Amino acid sequence: MDNFAYVGASSSLKGGFDWNLVFKWDFMMVQEISKRKQNMIAPIRTPMIAGGLFVISKSWFEEVGKYDMMMDVWGGENLEISFRVWQCNGSLEIIPCSRVGHVFRKQHPYTFPGGSGNVFARNTRRVAEVWMDEYKNYYYAAVPSAKNIPFGSIRNRLELRERLQCKPFKWYLENVYPELKVPNKHDFKFGIIRQNNFCMDTLGHSSGGTIGLYSCHGSGGNQEWIVSRDNSIKHLDLCMTLADEVDGSSVKLTACNTASMRQKWLLQQESKMLKHQYYDLCIDSRSHHSKGLTANTCDPSSNSQLWDFVTS
């Protein structure tokens, strides 16, 4: 639509987000809608605001910390100010009878150093590190690539949180946004997959590339893996994938697909073998110099099939 016609929003929506920290509109729960029938123009408590469209007392805006000035360009500021306001004894409300027009440009009139994805990841990572406490791990599970994005110093924001005596993120989830489902903490684990002094390493390969071994360095990066409860093993947004169902098949990195049988692996703690869920094939390092890691017929006596998963 290329005109200034006013399009009204639904009065049954409030702001929310998923664990990837991307804003979304949520429909109110049935109980809330039923309660509002008594007064359809009453303010709506919202866990999150959409962006910089809000009214706030200037003095309290300054007292509660303005904006995070270490964020870059655009993105994530609505998350940061929403968490901060709620956790630091304020509240956010949508006023149904307000009229605010917002014109969306066809493209940004500014540039993003390193790309918009990196800028957004830097900003949202700052939010997670300052305000989300241990729940930030669910963000990193949803967006594992964010762990490699530098986010600058957060000392001043942590000092602000301490000075304002802000509540923990657990309080926010229980009292402000109980609709957000908290994953089971046993659904995934971060760590390295080790064989003696060597670790599974992507060697910088992208989708379609093989997986190899490299001296363990303890710095995460190409050696960091996520073992999920659905039996997938991920690096960033790629999953360890069996190339074929035969002995000696390559093991590659491909886009994660929860329906793919070739991406299901069982990390067996007792035998220390990394076995495919459906085939008698285990991850093997015998040919890693020439072919990368392969999947060979499982052999408990083979040292090249023994692995340790060390959580980080």
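If you go through region 192-206 and pick out every residue that is within 21 Å of the chain's Cα centre (by Cα) and crowded, with 17+ Cβ neighbours inside 10 Å, you end up with 2.
The rows are residues; the columns are (1) open to solvent by less than 20 Å² (accessible area, probe 1.4 Å); (2) in a loop (DSSP other than H, G, I, E, B); (3) at pLDDT 95 or above.
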residue: S290; (1), (2), (3): no, yes, no
residue: D299; (1), (2), (3): no, yes, yes
residue: S304; (1), (2), (3): no, no, yes
residue: F309; (1), (2), (3): no, no, no
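Note on region 241-253: among residues that are in a strand (DSSP E or B) and touching a residue at least 40 places away in the same chain (Cβ under 8 Å), the one that is surrounded by the fewest Cβ atoms within 10 Å (Cβ to Cβ) is S250. With under 30 Å from S11 (Cα atoms), in contact (Cβ under 8 Å) with a residue 60 or more places away in the chain, out of contact with any Lys or Arg (no Cβ under 7 Å at 6 or more places or on another chain) and not hydrophobic (A, V, I, L, M, F, W, C) as the only criterion, which of P96, P178 stands out? Matching residue, one of P96, P178: P96. Out of the residues in region 139-155 that are open to solvent by 30 Å² or more (accessible area, probe 1.4 Å) and touching a residue at least 60 places away in the same chain (Cβ under 8 Å), which is farthest from P47 (Cα to Cα)? Within region 139-155, the match that is farthest from P47 (Cα to Cα) is N148.
Of the residues contained in region 203-219, one or more are found to be assigned to a loop (DSSP other than H, G, I, E, B), over 30 Å from G248 (Cβ atoms) and modelled with pLDDT under 95.
Just give me the residues in region 99-108 being more than 18 Å from P43 (Cα to Cα) and touching a residue at least 24 places away in the same chain (Cβ under 8 Å), in sequence order. Spell out the reasoning first.
The first filter runs over region 99-108 and keeps only residues more than 18 Å from P43 (Cα to Cα), leaving 101-108.
Answer for region 99-108, where residues must be more than 18 Å from P43 (Cα to Cα) and touching a residue at least 24 places away in the same chain (Cβ under 8 Å): G101, H102, V103, H108.
Would you confirm, using the coordinates I've provided, whether V7 is under 23 Å from G101 (Cβ atoms), loosely packed, with under 10 Cβ neighbours inside 10 Å and aliphatic (A, V, I, L, M)? Against the criterion (under 23 Å from G101 (Cβ atoms), loosely packed, with under 10 Cβ neighbours inside 10 Å and aliphatic (A, V, I, L, M)), V7 qualifies.
Provide a single number: the residues in region 138-195 that are assigned to a helix (DSSP H, G or I), of a type outside the set (F, W, Y) and at pLDDT 90 or above.
Keep residues of region 138-195 that are assigned to a helix (DSSP H, G or I), which gives 138-142, 144-148, 155-163, 169-175.
When the remaining residues are screened for being of a type outside the set (F, W, Y), the result is 141-142, 144-148, 155-163, 170, 173-175.
Within this subset, residues satisfying the condition of being at pLDDT 90 or above are 155-163, 170, 173-175.
Selection size over region 138-195: 13.
Look through region 207-220, keep the residues that are on the phi < 0 side of the Ramachandran plot and of a type outside the set (S, T, Y), and return whichever of them is surrounded by the fewest Cβ atoms within 10 Å (Cβ to Cβ). Of everything passing the filter in region 207-220, H217 is surrounded by the fewest Cβ atoms within 10 Å (Cβ to Cβ). Among the residues of region 125-137, the ones that are part of a helix (DSSP H, G or I) and crowded, with 19+ Cβ neighbours inside 10 Å come to 8 in all.
Checking each residue in region 163-181 for being over 22 Å from E62 (Cβ atoms) and either open to solvent by less than 60 Å² (accessible area, probe 1.4 Å) or in contact with a His (Cβ under 9 Å, 6 or more places away or on another chain) (or both) picks out F169, Y172, L173, V176, Y177, L180.
The values are calculated or read from the model by the stated rules, or taken from the named source; none is laboratory data. Bear in mind that the values here come from a model prediction, so they are computed numbers and not experimental data. Here Cβ is always computed from backbone atoms with ideal geometry, including for glycine, and neighbour counts include all displayed protein chains. Remember, those area values only see protein heavy atoms, side chains included, never the ligands or the DNA or RNA. Shrake-Rupley method; radii C 1.70, N 1.55, O 1.52, S 1.80 Å.
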